[in-house]
Each structure stands twice: as structure tokens, then as C-alpha cells.
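Below is one structure, written out as C-alpha cells; the observations come after it.
The values are calculated or read from the model by the stated rules, or taken from the named source; none is laboratory data. None of these values were measured; they are calculated from a predicted model. Cβ sites come from the backbone with ideal geometry, for glycine too, and all protein chains shown count toward neighbours. Areas reflect the complete protein model, heavy atoms only, side chains present, ligands, DNA and RNA absent. Shrake-Rupley method; radii C 1.70, N 1.55, O 1.52, S 1.80 Å.
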Amino acid sequence: MLELLTNANAWAALVTLTALEIVLGIDNLVFIAVLTARLEAKRARRARGIGLALAFIFRVLLLSSLSAIMGMTRPAFAVAEFAFSWRDIILIAGGLFLIAKATRDIHGEVEGREEAVSAAQRKALTAVIVQLAVIDLVFSIDSIVTAVGLADDLEVMIAAVIIAMIVMFVAAAPVGHFIEAHPTTKMLALAFLLLIGAALLADGFHFHIPRGYIYSAMAFAAAVETFNVLARRNRQKRKSRR
């Protein structure tokens, strides 16, 4: 352990891996924010905490069983010319889940069903937690497989995950409140989930879409929406002064 503290390569790996884990955690944050948006404030806070805790637990458990992780990347069966591993299957299932979830919620937003959210839906904390657990597992496997390829020391990988999860814990509430306060951003977040789901699905079929392209598109769209929010706020202020 002391050797790692004085090892420049270990520190470089920690910084690189932490940055990557934080970026990959954006997917988790968007999904948690969208999923908890329909819950009342107290339950939303609890759901966010449980969702992030599950994400952390899954990542640490997966890191602690590196042999199992490496086994997930080995071919399990083949269909025609495609050899699928368990990781591929999980990514495909997770991608389909995200696409189905985002499509259903977008349809609900377009049809205007959001205003008619029932009390039963608001109390469906268990269903939200189950969905968070499922998608946390998918994102965790994707994240840890990437981590294993970038660092050699388990201590460095766990430290990077802990730092990234602290950042996610801090950012989760502001992101959730922003989406709740500005309804139009929820549609944007759902579109992000569609994009992320398509990327996971493509990865499962061995067609890798560079994450830089996806996150650049997300950042640009988020910047445009931020300007729209500011413009609406300024218009409302001008109207209130009249």
C-alpha cells in the first residue's frame, strides 16, 4: 500500500480512472433523476440514496471478483458469426430496458399523462428501487470492465470508484431538483436515456460507439436547454414587472 502512495504511475492511473468513472456515472445520474422525478420529495431523496448506494456496492463487489468479471468477457455462445459473452447479454438487456423505459416515458409526456400521476404511482418506491438495481448492475459491469483495462492495482480501482461515487452523491440531488423544476429538461433527459440505451445495445452486438461522441452531443444539447431555461426565466421576470 505504501508503495502505491509513492508510485507516480499509480497516481496517474487513479486520476485517469476517477475522471472516467465520473463521466460514466453521468448515465447513472440521468437515469436516477428521471426515475425519481415522479416520487414525492422525501421518497425521491430516499430512492436516490438507495440507488447510489447500490451502484457503489455493485462496483465494489465486482471489483472484488475480478476473475468473474474477466469470465464475463469470454464467449458464452455463438449465433451465426457473432460470439456473445455474458457481458454482451447484460448490455443488450440493459440497452433494451433503457430504450423501452425512455420510450414509454416520452410517450407519457407527449400524451400529457404526467399531470395525472396517481397517488399509487407516487408511492411505488419499491418498483423504482428494483429498476434502479437492475440498471445499476448494467452500468456497474460496463464501468468495471473499463476500469480493469486501465489499472492493474485493485486498491487504485476501488479508490477511483469511491471518489467517483462521492461526486455522484453530491451531484444527484441538484440534478434531480433541476429536472423537477424545469419539466422540459425531463424530455431531454429521456432522450439521453434513449441514446445511452442504443449505445449499450450496440456494444452488446460488438459495435462500439465512442462515448466521446455521445457525451459531446449530450453536453451540447444540455447547453442549449440551459439557454432556453434562462430565456424563459428572463421573459417571466419581464412579464412580472409589467
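Residue by residue through the stretch 72-96, note down the ones that are modelled with pLDDT of 85 or more, assigned to a helix (DSSP H, G or I) and surrounded by fewer than 18 Cβ atoms within 10 Å (Cβ to Cβ). The answer is Ile89, Ala93, Leu96. Among the residues of the stretch 114-143, the ones that are at pLDDT below 70 and not in a helix (DSSP H, G or I) come to 3 in all. The numbered conditions (1) modelled with pLDDT of 80 or more; (2) out of contact with any strand residue (DSSP E or B) (no Cβ under 9 Å at 6 or more places or on another chain); (3) open to solvent by less than 20 Å² (accessible area, probe 1.4 Å) are all true for Val15 except (3).
Taking first residues from the stretch 167-189 that are outside any helix (DSSP H, G or I) and partners that are aliphatic (A, V, I, L, M) and surrounded by fewer than 17 Cβ atoms within 10 Å (Cβ to Cβ), the Cβ contacts under 7 Å between residues at least 6 apart in sequence or on separate chains come to His182/Val229. Looking at Ile209, Ile214, just one residue is in a loop (DSSP other than H, G, I, E, B) and within 21 Å of Leu29 (Cα to Cα), and that residue is Ile209.
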